[in-house]
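Notes to accompany the following structure.
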Amino acid sequence: MTEVQERRKKTVEASMTEQVHLIMQQHLNGGGRLFGGALMQWLDEVAGVVAMRHAETYRVVTAAVDNLQFKHAIYEGEIVVLKGYVTYVGRTSMEVEIDTYVEQPDGMRHTVNRAFFVMVAVDEDQKPIQVPELIITTEGEKARNEKFCAADHS
């Protein structure tokens, strides 16, 4: 008789990740704004760290970028904060939402970007592996999880 192993469970908070950047000259495009490619790299890094923490492995891959919305420009001297967290978990995949803010000197944050990544945990042979289930503890987490479930992912 085969013993069924119970699937691990983790909270959203357990893998939440925050990354901070001071925007300097080397981050700018010809128009004096943050180069979109630099932000996309940082977003992929945050998504990767969130997924690694949730899946408890360094082996995760970016399967898709569901959505990437640039809402406002970012300029030299501004502080940019990227905050990522798991919103949905399948058997081997995770949706990671990353919100990007410009932080004002008084600590207030204004949203400048929102992105959704689908990350997959893999083994040494690059085959998908099971990830822990997601424990939903707040109304906000529940709403984000339900939004993913209601969306068309074809």
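Please treat every number below as a calculation from the coordinates, not as lab data. Not measured: the values here are computed from a predicted model. Don't worry about glycine lacking a Cβ; one is built from the backbone with ideal geometry, like all the others, and counts go over all protein chains shown.
Summary table
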| item | result |
| --- | --- |
| For region 1-50, convex hull of alpha carbons as volume per residue, Å³ | 89 |
| Quotient of C-alpha Rg and 2.2 N^0.38 Å, computed over region 80-143 | 1.40 |
| Over the chain: Kirkwood hydrodynamic radius from C-alpha pairwise inverse distances, Å | 16.5 |
| Helix axis angle, 139-150 relative to the chain longest principal axis, alpha carbon, degrees | 70 |
| Debye, to nearest 20: dipole size of region 1-127, +1 on Lys, Arg Cβ, -1 on Asp, Glu Cβ | 200 |
